[in-house]
Each structure stands twice: as structure tokens, then as C-alpha cells.
1. Of the residues that sit in the range 347-365 and are in a strand (DSSP E or B) and under 24 Å from the mean Cα position of the chain (by Cα), which one is nearest to T303 (Cα to Cα)?
2. Only one of (1) at pLDDT 95 or above; (2) out of contact with any Pro (no Cβ under 7 Å at 6 or more places or on another chain) fails for N163. Which number is that?
3. Suppose we filter I176, I226 for residues that are in contact (Cβ under 8 Å) with a residue 24 or more places away in the chain, of a type in the set (A, V, I, L, M) and surrounded by 19 or more Cβ atoms within 10 Å (Cβ to Cβ); which single one remains?
4. If you take the residues of the range 240-264 that are among the polar types (S, T, N, Q) and more than 27 Å from R333 (Cα to Cα), which of them is surrounded by the fewest Cβ atoms within 10 Å (Cβ to Cβ)?
5. Can you give me the number of residues within the range 269-318 that are out of contact with any strand residue (DSSP E or B) (no Cβ under 6 Å at 6 or more places or on another chain) and in contact (Cβ under 8 Å) with a residue 60 or more places away in the chain?
6. Of the residues that sit in the range 118-150 and are within 13 Å of L179 (Cβ to Cβ) and surrounded by fewer than 18 Cβ atoms within 10 Å (Cβ to Cβ), which one is nearest to the chain's Cα centre (by Cα)?
7. Tell me yes or no: at least one residue of the range 280-288 is in a loop (DSSP other than H, G, I, E, B) and under 13 Å from L355 (Cα atoms).
8. Just one of (1) touching a Lys or Arg at 6+ places or on another chain (Cβ under 9 Å); (2) at pLDDT below 95; (3) surrounded by 19 or more Cβ atoms within 10 Å (Cβ to Cβ) trips up L357, so point out which.
Amino acid sequence: MASIKFDQVVKRFGDYTAVNNLNLDIEDGEFLVFVGPSGCGKSTSLRLLAGLESISQGIISIGDRPVNGLSPKDRDIAMVFQSYALYPHMSVFDNMAFSLELQGKPRADIKQRVESAAQQLGIEQLLHRKPKELSGGQRQRVAVGRAIVRKPAVFLMDEPLSNLDAKLRVQARKEISTLHQDLNTTFIYVTHDQVEAMTMGDRIAVMKDGILQQADTPANLYNHPINKFVAGFIGSPSMNFFAVERIETEGKSYLKWGENLIDMQQYLPHLQPDMGTPPLTLGIRPENIYHPQYIPPDIHGFTIRATVTLIEMMGSELVVYFDTPRGDELVARLDPRAKVRSKETLDLLIDSQRLYLFDCNEHTL
């Protein structure tokens, strides 16, 4: 096992900066997930750690050893790729054993490691097959097994589930999380899927345009996002955002949202009274909006009138899109028992304890 440190790491491709001044400490045995949209630098960061890309600036350390000048084979890491990268002419056993054979390990040791990993992953009956005879989920397990047999200090996984269907993805998420608990080894996982990140990671590192935005636990990212980007990226459906204006009336501060006046002292008491009147953005998560007939007894707030434009029945929840009188789109996750009709106008309750406010630089206030 090993801790990992990115110390002011930069990666440039010509004039393009793919990773910009990345500073991040990953604890020994931690499961850390890099997440963000395409082109944010998450896979490049993983490849820099693996030694598949050279570092333009900064230092990466595994344990207490800087690895900038080391080749991938000398970094004591194992990587699982999106494509699985299995050798088509080799059996599952030979695919899993190949790296150990290159290291000159004894045949008996290789056999023991491969069979042990195969049993752990439930693929022991597949060891004689070729990759073309396997399903996508089985190939994914073989790719993970090939990494396990090496007993590395660090596992690197670059979107390993993206080729699986929805049901298999859920199953594979559980298997990888269980594997991390069993091995108690450092895992670094890259995905663009925030649901994967939230369900698998001890911590999540959210990236945008090559810059680390926030690294924290799933709960803290969800409840205490540092800026508007993190707030919108974490959570599904995404957080609603509305332009609001701060006004003073009769010695009290309000946020003006269309025809609604939101009492700042009552609903946002932590904000400084001398913050001025810059452009502001109000954030409301879809799950903090309630149908008037299904409001839990401990929820209080204010109402907003909105008209239904689209209904998505998800079984355990009802995702409904609305238009507000001001023309804003609002998305709500409602109680599935609610009877909602297209073009119906409702007085929705907004949970006043779950409001977010962002300044003109999109930082959380």
C-alpha cells in the first residue's frame, strides 16, 4: 500500500494546459475518484501518475518516493483501462498471468495468484476461455483480475465500467467497492459519471478545465459545494440556478426572485449584512422542492408558482420540469404519489433550510 502526493503538477501539450497546478494528497488505502466533464484533466492526471505521460512541471510521489523519472513498470501500480486491453489470442488464465511471467515469477506462484484472483472475482470457470467468448462484464472482471495478481501498491482505473450496460454497471460498482475493502489498497478511479463517484469514493476530486475545484467526501461535496460548478455537477438531476437581486426594504435584506422576496435574515442568516449588492445566483436542489400535497411535517419555506412542462416517472420518484412566471426552468424531484398533469400550475414549496447562494465569481457564499 502507498500514499500519493501531487505537488504543483502541470501537464502541457504545446500551448494547451491539460492539468494546471494540481495539489492533492491521497491517503494510504484510500479510494479516491477523479470526476469531471470530458477534457477536464482527470484521465491525464491518472496517466501522469502511471507514467504514461511525462510531467511538464511539479512532482508526483508514491509513498515517500518521487516517481517523475521512473518508468511505469517501476512504479508498483496496476491499471485497468476503459477498453480492458485483453490479448485476444490468449486465454483468460494467460491474460491474467502475463505480467507475472514477464517478471519471472515461479509457475506455481503464478498459478496460485491467478486462481485466487479468479475465485475472488467469480470467474474461475472462465480461465480456459478466450476474450471473444466473454461478455462485457466478464471481460471487465478479467481486466481487474489481471491487476489484482500483481499485488500493486496502487490500483488505477480509467472509466472501467463505461462499456457496460446500466444493470452491469451497478453490479460492477459494488464488486469494485467490495474489492477495495478486501484488498485495503489505494484505489484511484476516473469517471465522468457523478453517480459512480458518489457511490464508490471515500473522497472525490472534482476537476474542471485542468484545475482541481474541490476534493472532499461525497457528503461534503453534496452539502457544502465550494462553487457553482461543483454544486451543479454533483447531484442528479442537477441543481437549479436562478439569477436573483439583493434589495433593501424597511431595513431588511431580501433576495428578489421574480415576484418572490426571500428574507435573507430568516433563510440565509449566515451571510454577512455588508456583502453589498453584486449579481447573485440562487441554487435549489430538485429534491428540496415539494408538491403542495406531499410536504413532510418538518419542512418549512416559501412557495413558488410554476407550470408543468414535462413529467418523467422514474418509479421511486417523479422528476417534473416546470416553467416559472419569469421564464426560468425549474426541475423538481417529487413524491411519486403526486398526481401531476402537463400544463398544470402548482404552488411548490421550497425548503428554506436548503438554499445555496453564489456570488458574481460563482463562489459559494
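The values are calculated or read from the model by the stated rules, or taken from the named source; none is laboratory data. Note that the coordinates shown come from a computational prediction; the quantities given were computed from them, not determined experimentally. Here the Cβ is made from the backbone with ideal geometry for all residues, glycine too, and neighbour counts use every protein chain on show.
1. As a first pass, look at the range 347-365 and keep what is in a strand (DSSP E or B): 347-351, 355-358, 363-364.
Those still in the list that are under 24 Å from the mean Cα position of the chain (by Cα) too: 355-358, 363-364.
Values: L355: 13, Y356: 16, L357: 18, F358: 21, H363: 26, T364: 23 Å.
Top of the filtered list is L355.
2. (1)
3. Numbers: I226 fails: surrounded by 19 or more Cβ atoms within 10 Å (Cβ to Cβ).
Sole residue among the options that is in contact (Cβ under 8 Å) with a residue 24 or more places away in the chain, of a type in the set (A, V, I, L, M) and surrounded by 19 or more Cβ atoms within 10 Å (Cβ to Cβ): I176.
4. Filtering the range 240-264 down to residues among the polar types (S, T, N, Q) leaves 240, 249, 253, 260.
Adding the requirement that they be more than 27 Å from R333 (Cα to Cα) leaves 249, 253.
Details: T249: 10, S253: 17.
Per the stated criteria, the residue is T249.
5. 5
6. Among them, the one singled out is G122.
7. Of the range 280-288, the ones in a loop (DSSP other than H, G, I, E, B) are 285.
Next, only the ones that are under 13 Å from L355 (Cα atoms) stay: 285.
There is at least one residue in the range 280-288 that is in a loop (DSSP other than H, G, I, E, B) and under 13 Å from L355 (Cα atoms).
8. (1)
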